[in-house]
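K.L.:
What follows is a structure written as structure tokens; I'll ask about it next.
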There are 2 protein chains.
Amino acid sequence: MKIGDGVEWAVHLCGVLAAAPEGRSLPRAKLAEFHDLPPAYLAKHLQALSRAGIVTADRGVKGGYRLGRAPAQISLLDIVLAIEGVEPAFRCTEIRKRGPCAAGPSACRKRCPIARAFLEAEAAWRQALAGVTVAEMNAVAAAEAFDDNRRRAFRAWLTAALQ
Amino acid sequence: MKIGDGVEWAVHLCGVLAAAPEGRSLPRAKLAEFHDLPPAYLAKHLQALSRAGIVTADRGVKGGYRLGRAPAQISLLDIVLAIEGVEPAFRCTEIRKRGPCAAGPSACRKRCPIARAFLEAEAAWRQALAGVTVAEMNAVAAAEAFDDNRRRAFRAWLTAALQ
DNA sequence: TCATTGCGGACAATATATATCCGTATTAGA
DNA sequence: TCTAATACGGATATATATTGTCCGCAATGA
Ligand code: FES
Ligand code: FES
């Protein structure tokens, strides 16, 4: 049970995009450079975010990516579902219906209690992630991990990346 | 982000073992037969349960597997951690430390807030699974999915499987 | 002594994740 | 109108993880 690296990439990059001026977009190459990521593969994840409406992609010269809505309206769950897909991690294969003591149709009128328990646990996981936004992550990071020097460095990079 | 089939297998089979008389063990072949699972591969998962102390393995003639402790003392979380491993699903690769605006040591004194949020969500997931036991699953299944016929069929199979 | 069973390592097959490349469409600006 | 920059989507390649089998060994009861 593992979560792909793309999720970590996407959340961090949404934080970067949230710091860009309203309406301005950052090209894929700049986003990849910021965290030293493979540009070609990053493109796949950005496309997934784009399909989910989390980012908006602008094509052509001066194109790139910008957030599709306010950072306070983008939760970590939104990003996870966009990158990893919406299917639950636990997949019931209905093994209760197989073997010498298989559950017949009448025994299967309700979903298997084991599957129910796992889906409930996953709902708790999703709820926790739904309660955290990109805006909050940026606020915490700004308070904990940015001194004046780093703040200056970041603004300089951002200005250059916007051309 | 997917959970392997072995978890579903293991939880269901712990339910079967919980129905066996105290101290009696069921061999791998019988357990595989019950849900029509590949015996050789199931053995791997049973070994993992054994290493975790969830089941006890008896070797030799009349050997097999039995629960290592009372069904009410075995949670779904115990089984998941035994089968899937104890590492969290979210793995932070510390990408904040890379690239042109990398976080230095002073900025990394606290764990990245994004990683914290994911680990907290995972803690909620684990807590939900820790609150459900094999005994409870069996009680619910007995009430919802076993009529007299199926109960009889199960006891017959169990008797035969115990030789 | 023998048949039965679990253990653990080696190995193979398959699926998924990671990564790259290229042709096409789109756009800003010269 | 032309050009360079950019995202898109499909095809492809590689790496890793999952799923699955097999076999020699140790343990056990009859
Ligand atoms: S049959 Fe799938 S979890 Fe019970
Ligand atoms: S650096 Fe890994 S989650 Fe932020």
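K.L.:
Just give me the residues in the range B:86-126 being within 16 Å of DNA strand C (Cβ to nearest atom) and part of a loop (DSSP other than H, G, I, E, B), in sequence order.
P.N.:
B:Glu87, B:Pro88, B:Ala89, B:Phe90, B:Arg91, B:Cys92, B:Thr93, B:Glu94, B:Arg98, B:Gly99
K.L.:
Working carefully through the options A:Ala18, A:Ala32, find the one that is assigned to a helix (DSSP H, G or I), within 15 Å of ligand 2 (Cβ to nearest atom), in contact with a helix residue (DSSP H, G or I) (Cβ under 6 Å, 6 or more places away or on another chain) and not basic (Lys, Arg).
P.N.:
Answer to the selection: A:Ala18.
K.L.:
Within the range B:1-32, can you find the residues that are more than 16 Å from ligand 1 (Cβ to nearest atom) and more than 29 Å from B:Glu122 (Cα to Cα)?
P.N.:
Correct list: B:Ala20, B:Pro21, B:Glu22, B:Gly23, B:Arg24, B:Ser25, B:Leu26, B:Pro27, B:Arg28, B:Ala29, B:Lys30.
K.L.:
Another question, if that's okay. Step by step: first the residues of the range B:35-52, then only those that are in a loop (DSSP other than H, G, I, E, B) and within 16 Å of ligand 1 (Cβ to nearest atom), then the one that is farthest from the other protein chains (Cβ to nearest Cβ). Which residue is that?
P.N.:
Taking the candidates together, the pick is B:Leu37.
K.L.:
From A:Leu129, A:Leu77, grab the single residue that is outside any loop (DSSP other than H, G, I, E, B), in contact with a Leu (Cβ under 6 Å, 6 or more places away or on another chain) and either aromatic (Phe, Trp, Tyr) or within 7 Å of another protein chain (Cβ to nearest Cβ) (or both).
P.N.:
A:Leu129
K.L.:
Kindly provide the set of residues from the range B:107-119 that are exposed (fewer than 15 other Cβ atoms within 10 Å of the Cβ) and within 7 Å of chain A (Cβ to nearest Cβ), ordered by number.
P.N.:
Within the range B:107-119, B:Lys110 is the sole residue that qualifies.
K.L.:
Can you tell me how many residues in the range A:133-160 are touching a Phe, Trp or Tyr at 6+ places or on another chain (Cβ under 8 Å) and in a helix (DSSP H, G or I)? Explain how you work it out, then say what you get.
P.N.:
Initial filter on the range A:133-160 (touching a Phe, Trp or Tyr at 6+ places or on another chain (Cβ under 8 Å)): A:146, A:154, A:157.
With the extra rule that they be in a helix (DSSP H, G or I), the set shrinks to A:154, A:157.
Of the residues in the range A:133-160, 2 are touching a Phe, Trp or Tyr at 6+ places or on another chain (Cβ under 8 Å) and in a helix (DSSP H, G or I).
K.L.:
Filter the range A:17-64 down to residues that are more than 9 Å from DNA strand D (Cβ to nearest atom), closer than 19 Å to A:Arg151 by Cα and surrounded by 13 or more Cβ atoms within 10 Å (Cβ to Cβ), then give me how many there are.
P.N.:
Of the residues in that region, 7 qualify.
K.L.:
What are the residues in the range A:82-118 that are touching a residue at least 24 places away in the same chain (Cβ under 8 Å) and over 14 Å from B:Lys2 (Cβ atoms), if any?
P.N.:
Of everything in the range A:82-118, those that are touching a residue at least 24 places away in the same chain (Cβ under 8 Å) and over 14 Å from B:Lys2 (Cβ atoms) turn out to be A:Ala82, A:Ala115.
K.L.:
Which condition does A:Gly63 not pass, out of (1) on the phi < 0 side of the Ramachandran plot; (2) away from ligand 2 (no atom under 16 Å from the Cβ); (3) out of contact with any strand residue (DSSP E or B) (no Cβ under 8 Å at 6 or more places or on another chain), if it passes all the others?
P.N.:
Of the numbered conditions (1) on the phi < 0 side of the Ramachandran plot; (2) away from ligand 2 (no atom under 16 Å from the Cβ); (3) out of contact with any strand residue (DSSP E or B) (no Cβ under 8 Å at 6 or more places or on another chain), the odd one out for A:Gly63 is (3).
All of the numbers you see were taken from the coordinates with simple rules; none came from a lab. Nothing here was measured: the structure is a model prediction, and the numbers come from that model. Because the Cβ atoms are built from the backbone with ideal geometry, glycine has one as well, and the counts that use them run over all protein chains shown.
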